[in-house]
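> To start, I am sharing the structure in question, which I have written as structure tokens.
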Amino acid sequence: MEIAEHQAGDVTILEIKGRIDSNAAGAFGDRLTSLIKGGRARLVVDLKQIIYISSAGFRALLVAGQLAEETNGTLALCALSAEVQRLFDLGSFTDLFAIYPSREEGLAKLS
Amino acid sequence: MSLADPPKKDVVVITNAITDMAKVVEFVDRFGATHGIPGEVSNAFNLCLDELLNNVISYGYDDRNTHEIRVELTMEDGVLTAEITDDGKPFDPSSAKLVVADRKLHSRAPGGLGILFVKTLMDELHYARKGGLNIVRITKRLREARRGNR
């Protein structure tokens with residue numbers, strides 16, 4: 001898994017590439033929570049280039065999403081492929097997060 | 001033609017370390033590329049093996065010793081099978097509780113999701129305990145491949 005970080009105004013975009021599996025979930029979660037704790041209250045996680053996300057990755061998203069909620073921040077997701085969307089639907093995660101079809105739409109909503 | 005083809009088999013052995021699971025990902029991708037398995041099927045196996053192996057490595061052992069976990073892939077007559085053999089505590093993932101989804105973020109508890117993925121993405125999940133070993137088998141039929149050239 002690779003993570004690239006971009007800033008657009010006060011919105012931070014995290015672009016994830018590869019697999020968010022058991023091996024990668026720790027680093028993925030740590031990056032999200034450290035940004036939120038560091039005061040980056042508006043986050044968009046771009047999942048366009050991920051292959052899949054395992055339950056360990058969903059757990060990391062859940063922890064980060066709950067932390068964002070507690071600190072009045074926003075954690076949004078964008079650009080889910082059909083395969084990744086299916087995993088969100090199976091786990092009933094689709095309703096837990098703001099999910100946008102593209103990065104541009106996510107940015108427009110959070111800006 | 002496919003009926004005359006012998007089964008294609010390969011094995012990887014890892015230790016009970018989460019970082020070792022990357023070897024299984026490489027193994028599945030290599031097996032898939034060698035035998036013309038569609039990418040989405042290899043990805044589904046990688047995801048399910050991640051869930052099952054994470055369970056074994058995280059909860060299967062009470063000691064701190066190094067244990068071997070064997071993963072065997074078999075492609076036969078349009079059916080892909082992965083078999084995990086470990087010497088951890090008896091654990092039948094096919095009888096594990098499925099996730100009870102809460103649609104509110106603040107009260108949603110993690111857990112149960114991995115087995116839900118395995119049961120949904122695979123056609124079969126089978127468990128046996130033999131000679132002090134857990135043997136978990138997951139199976140998926142490659143529907144398109146049945147009519148293919150292989």
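The values are calculated or read from the model by the stated rules, or taken from the named source; none is laboratory data. All figures in this text were calculated on a predicted structure; none of them were measured in a lab. FYI the Cβ positions are ideal-geometry reconstructions off the backbone, even for glycines, and counts take in every protein chain you see. Quick note on the areas: whole protein, heavy atoms, side chains included, nothing else; ligands and nucleic acids left out. Shrake-Rupley method; radii C 1.70, N 1.55, O 1.52, S 1.80 Å.
> For the range A:17-24, in order, what is each residue's ³J(HN,Hα) by Karplus, 6.51 cos²θ - 1.76 cosθ + 1.60 with θ = phi - 60°, in whole Hz (x at glycine and Pro)?
Those phi angles translate into 10, x, 9, 9, 10, 4, 5, 9 Hz.
> Shifting gears a bit: Counting partner chain Cβ atoms within 10 Å of every residue's Cβ in A:5-17, what's the average?
Neighbouring Cβ atoms belonging to other protein chains average 0 per residue here.
> In this model, which of A:K17/B:K130; B:K9/B:K130; A:K109/B:K104; A:K17/B:K140; B:K8/B:K97; B:K9/B:K119 are farther than 31 Å apart at the alpha-carbon?
A:K17/B:K130; B:K8/B:K97
> Where Lys and Arg each count +1 and Asp and Glu each count -1, what net charge lies around B:N16 among other residues with Cβ under 11 Å from its Cβ?
So the surrounding residues net to -4.
> Continuing with this model, one more query. Just to confirm a number: summing +1 for Lys and Arg and -1 for Asp and Glu over residues other than B:R103 whose beta-carbon lies under 13 angstrom from that of B:R103, what do you get?
The answer is -1.
> Keeping all protein chains in position, work out how much accessible area B:Y127 exposes to a 1.4 Å probe, and write it in Å² to the nearest 10.
Rounded to the nearest 10, that gives 50 Å².
> Rounded if a/c is under 1.5, else prolate if a/b is larger than b/c, else oblate: which is the protein assembly as shown, with a ≥ b ≥ c the root eigenvalues of its Cα gyration tensor?
Prolate, because a/c is 1.5 or more and a/b exceeds b/c.
> With unit charges on the beta carbons (Lys and Arg positive, Asp and Glu negative) and the dipole taken about the Cα centre of the range B:1-137, which residue among B:F27, B:L105, B:V13 sits farthest to the positive side?
Value computed over the given set: B:L105.
> Moving to a separate point now. Can you compute the charge dipole magnitude of the range B:1-110 about its Cα centre, using +1 on each Lys and Arg Cβ and -1 on each Asp and Glu Cβ, nothing else charged? Give it in debye, rounded to the nearest 20.
Rounded to the nearest 20 debye, it is 500 debye.
> Given Cβ point charges of +1 (Lys, Arg) and -1 (Asp, Glu) and nothing else, what value in debye, to the nearest 20, does the dipole of the protein assembly as shown about its Cα centre take?
Computed about the Cα centre, the dipole is about 340 debye.
> Listed highest first by mean packing, meaning other Cβ atoms within 10 Å per residue, what order do B:74-82, B:14-22, B:62-70, B:129-137 come in?
B:74-82, B:14-22, B:129-137, B:62-70
> Still on this structure: Keeping all protein chains in the complex and leaving out DNA, RNA and ligands, what accessible area do you get for B:K89 with a 1.4 Å probe, in Å² to the nearest 10?
Accessible area of B:K89: about 90 Å².
> Something else about it: Of the options B:M122, A:L43, B:T85, report the single residue whose Cα projects farthest towards the positive end of the charge dipole of the protein assembly as shown (beta-carbon charges: Lys, Arg +1; Asp, Glu -1).
My answer, from the dipole projection, is B:M122.
> Evaluate peptide B:25-37: per residue, the Cβ atoms of other protein chains within 10 Å of its Cβ; return the mean as an integer.
If you average over the peptide's residues, the count of other-chain Cβ atoms is 0.
> In addition: Summing Lys, Arg as +1 and Asp, Glu as -1, what charge do residues with Cβ under 13 Å from the Cβ of A:D89 carry, A:D89 excluded?
So the surrounding residues net to 0.
> I would also like to ask the following. Could you work out the helix-only [θ] at 222 nm for chain B, with each DSSP H run of four or more residues adding -39,500 (n - 2.57) and the total divided by the number of residues, to the nearest 500 deg cm²/dmol?
The helix contribution divided over chain B gives -10000 deg cm²/dmol.
> From the phi of every residue in the range B:131-142, what ³J(HN,Hα) in whole Hz does the Karplus formula 6.51 cos²θ - 1.76 cosθ + 1.60 yield, where θ is phi - 60° and glycine or proline is x?
Per residue, the Karplus-derived 3J(HN,Hα) values read x, x, 10, 8, 10, 10, 10, 10, 9, 9, 8, 8 Hz.
> Run the 1.4 Å probe and let me know the accessible area of B:I37, rounded to the nearest 10 Å².
20 Å²
> Note down the magnitude of the dipole of chain A about its Cα centre, charges +1 on Lys and Arg C-beta and -1 on Asp and Glu C-beta and zero elsewhere, to the nearest 20 debye.
120 debye
> For peptide A:54-64, what's the mean number of Cβ atoms from other chains within 10 Å of each residue's Cβ?
5
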